[in-house]
Structure formats: C-alpha cells, structure tokens
Amino acid sequence: MNIVKLAVGDVAEMKKKHPCGASSFRILRVGSDVRVVCLGCGRDVTLERVKFEKSIKKLTKASESVETHD
C-alpha cells in the first residue's frame, strides 16, 4: 500500500468527472477522510482517503499551482 502525500491547497485531477463536468478538486482538509471542493461548481465533498487516493489521476502541489507575476 502506497500512501499519497496530500496537503491542504493541492489540486487533484480525478479519473471521473464531477456531474458539473469539472474533474479538478482543491483539497481543504486531510485526515482519514479528505474534504475537497470542486473547482467547477464549488460543491464541497468529503470522501474516504483510500477511495480518494485510488481515484486521483494527477496531483498538483499547492506550491506548483501558484504563479508569480513580476
């Protein structure tokens, strides 16, 4: 079993799309359950960590997703 390192602010692209059509979710809380918010419609969802980790297609760390402007 490989545990994925999740952190608040990370953006997860999921294998399946949300009913609104978006497939990206921002992580709000991490523990035995993971609380995420859909970046398409803003819906707040809580999922079991094991189920969430299995459904991740791509994980973008919070530090990578922040763009700096000069």
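The table that follows gives values for the structure above.
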read-out	value
Within segment 44-63, considering residues that are in a strand (DSSP E or B) and within 11 Å of Val11 (Cβ to Cβ), the one most open to solvent (accessible area, probe 1.4 Å)	Lys58
Subset of segment 1-16 [under 9 Å from the mean Cα position of the chain (by Cα) and either farther than 14 Å from Lys61 by Cα or buried (at least 17 other Cβ atoms within 10 Å of the Cβ) (or both)]	Leu6, Asp10, Val11, Ala12, Met14
Subset tally (residues that are over 21 Å from Ser63 (Cβ atoms) and under 12 Å from the mean Cα position of the chain (by Cα)) for segment 34-50	6
Every pair of residues 6+ apart whose Cβ atoms lie under 8 Å, when the first sits in segment 17-33 and is closer than 11 Å to Thr46 by Cβ and open to solvent by 40 Å² or more (accessible area, probe 1.4 Å) while the second is among the basic types (Lys, Arg) and assigned to a strand (DSSP E or B)	Leu28/Arg35; Arg29/Arg35
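The values are calculated or read from the model by the stated rules, or taken from the named source; none is laboratory data. Keep in mind that what you see is a predicted model, and the values were worked out from it rather than measured. Neighbour counts run over all protein chains shown; Cβ positions are idealised from the backbone, glycine included. To get the accessible areas, we keep the full protein, side chains included, count just its heavy atoms, and leave off ligands, DNA and RNA. Shrake-Rupley method; radii C 1.70, N 1.55, O 1.52, S 1.80 Å.
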